[in-house]
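The values are calculated or read from the model by the stated rules, or taken from the named source; none is laboratory data. The structure presented is a predicted model; accordingly, all values stated were derived computationally and were not measured. Methodologically, a virtual Cβ is constructed for each residue, glycine included, from the backbone with ideal geometry; neighbour enumeration extends over all protein chains shown. Areas reflect the complete protein model, heavy atoms only, side chains present, ligands, DNA and RNA absent. Shrake-Rupley method; radii C 1.70, N 1.55, O 1.52, S 1.80 Å.
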Amino acid sequence: MKTCLVVDDSRVIRKVARKIVEDMGFACEEAGDGQAALTQCRKTMPDAILLDWNMPVMNGIDFLTALRAEENGKKPVVVFCTTENDMAHITQALRAGADEYVMKPFDGEIIESKFAEAGLV
Amino acid sequence: MLPEAKYRFLSEDVKRRSGLVLGPEKGYLVESRLAPLARTEGLASVEAVIDLMMRGDKRLCEAAAEALATHETFFFRDKTPFDLFSEVIAPALKPSRAGRAMKIWCAAASSGQEPYSLAMLIDEMSGLRADILATDLSGKVLEKARAGLYTQFEVQRGLSIQRLVKHFDQAGENWQIKPELRAKVRFEVGNLLDDFSRYGRQDVIFCRNVLIYFSVEEKAKILARLAGMLADDGYLVLGAAETVVGLTDALKPAPGQRGLYVKADSGASAPVVFRSATAAA
């Protein structure tokens, strides 16, 4: 079974996202910030990461940069999922190694479409 | 989130006016389709639109129904037809179309996602030029198509982020197809029941998910006329639930390619028919 790590500081968003990725057949793990996500990735590298941008402790873009520098850190498909909805943020994310980008608000169809674009389903 | 009573009023009113069913899970659709209406009406929110509707503003009720009924279409819808274009149609036609633009007609273009998706694919291929004509019955949806302006919701289904960055500019809350890509598609109001021979010979015709709205007789007539416009080695692409079989002898399915049709008398791939020589006794 493929695994997906949902990284968001909002418990509500994590719950909604978990339901969507589990319905798509992923086993789901959660993290509340970038540092917790990095710790989780060092234990087990997931296949996919759904990543918020603005979080306490370590934000999404710093997490992504750190992740890509890790051993095996190129493996996960990283899909940003954020309210940062402008071209400057999108290009910054792509340069840092993001594979896809979801602009909030999102729904199941958008996540599924973006996971398909990224070759996950 | 809209209060339940207001959502219920909206869905009942819309259903009565256009037949569209808005289930409780369509909150995002309502928000994304009615937010532009709220803005053009100078109202603070979608909820304010519904408040006025509940107070009997008939004009606003109709505007809301129309905004919500907009035919569902998205970029690279169904994916397969676009894979067929890249992997079958373009490679087959490219050698003989060198030095001139390939002629493509999208015969039910709606708000433009289909012709723009094709324009993106062609832009990504080297050595291929195309003249894309996009027609639709509704002048209103073609206005939107021509502007190439799409909501955040619309650009997130079927479209990769790389294509969004490459082919769109941000326009406030919306996203607009870049002028150079918009310039590659010509939009015209057109009815499939009218004479459309003025569009001239086409190398590729996309006519998806529209024949289902016509009677069998009309379907047969339209298909025969489409076949008449198709280049001898051209391709017709229909929707997944549509076919030419039993409707016209002028077209046949392309072997092994679902949704793809060629002229019945087109060269090499035609089945060999052995005729009996004993008929003229």
One residue is enough: does region B:88-96 have a residue meeting the conditions in a helix (DSSP H, G or I) and either in the same structural domain as B:L10 (by TED's automatic domain parsing) or free of Cβ contacts under 8 Å to residues at least 24 places away in the same chain (or both)?
yes
Is it the case that region B:142-159 has a residue that's of a type in the set (S, T, Y), closer than 16 Å to B:R39 by Cβ and outside the structural domain of B:K26 (by TED's automatic domain parsing)?
yes
Meets criteria (more than 22 Å from A:F106 (Cα to Cα) and either open to solvent by 40 Å² or more (accessible area, probe 1.4 Å) or small (G, A, S) (or both)) for B:D78
no
Can you pull out every residue in region A:31-84 that is touching a residue at least 60 places away in the same chain (Cβ under 8 Å), over 17 Å from A:V12 (Cα atoms) and either touching a Gly at 6+ places or on another chain (Cβ under 7 Å) or open to solvent by less than 40 Å² (accessible area, probe 1.4 Å) (or both)?
A:A48, A:P76
Is there a residue in region A:67-77 that is part of a strand (DSSP E or B) and more than 9 Å from chain B (Cβ to nearest Cβ)?
yes
So which residues in region B:24-57 are among the charged types (D, E, K, R), part of a helix (DSSP H, G or I) and under 22 Å from B:A171 (Cβ atoms), if there are any at all?
B:E31, B:R33, B:R39
Mind listing whichever residues of region A:83-121 are in a helix (DSSP H, G or I), of a type in the set (G, A, S) and more than 7 Å from every other protein chain (Cβ to nearest Cβ)?
A:A88, A:A93, A:G108, A:A116
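Residues checked against (1) within 30 Å of A:V79 (Cβ to Cβ); (2) open to solvent by 30 Å² or more (accessible area, probe 1.4 Å); (3) modelled with pLDDT of 95 or more; (4) away from chain A (no Cβ under 14 Å):
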| residue | (1), (2), (3), (4) |
| --- | --- |
| B:C106 | no, no, yes, yes |
| B:M120 | yes, no, yes, no |
| B:E124 | yes, yes, no, yes |
| B:L133 | no, no, yes, yes |
| B:L137 | no, yes, no, yes |
| B:K140 | no, yes, no, yes |
| B:K144 | yes, yes, no, yes |
| B:G148 | yes, no, yes, yes |
| B:V165 | yes, yes, yes, no |
What are the pairs, 6+ residues apart or on separate chains, where a residue within region B:110-131 that is without any contact (Cβ under 8 Å) to a residue 60 or more places away in the chain has its Cβ under 7 Å from a residue that is assigned to a helix (DSSP H, G or I) and aromatic (F, W, Y)?
B:S117/B:F82; B:L121/B:F82; B:L121/B:F85
If I go through region B:167-190 residue by residue, how many of them are open to solvent by 60 Å² or more (accessible area, probe 1.4 Å), at pLDDT 95 or above and either under 18 Å from A:T82 (Cβ atoms) or among the small types (G, A, S) (or both)?
2
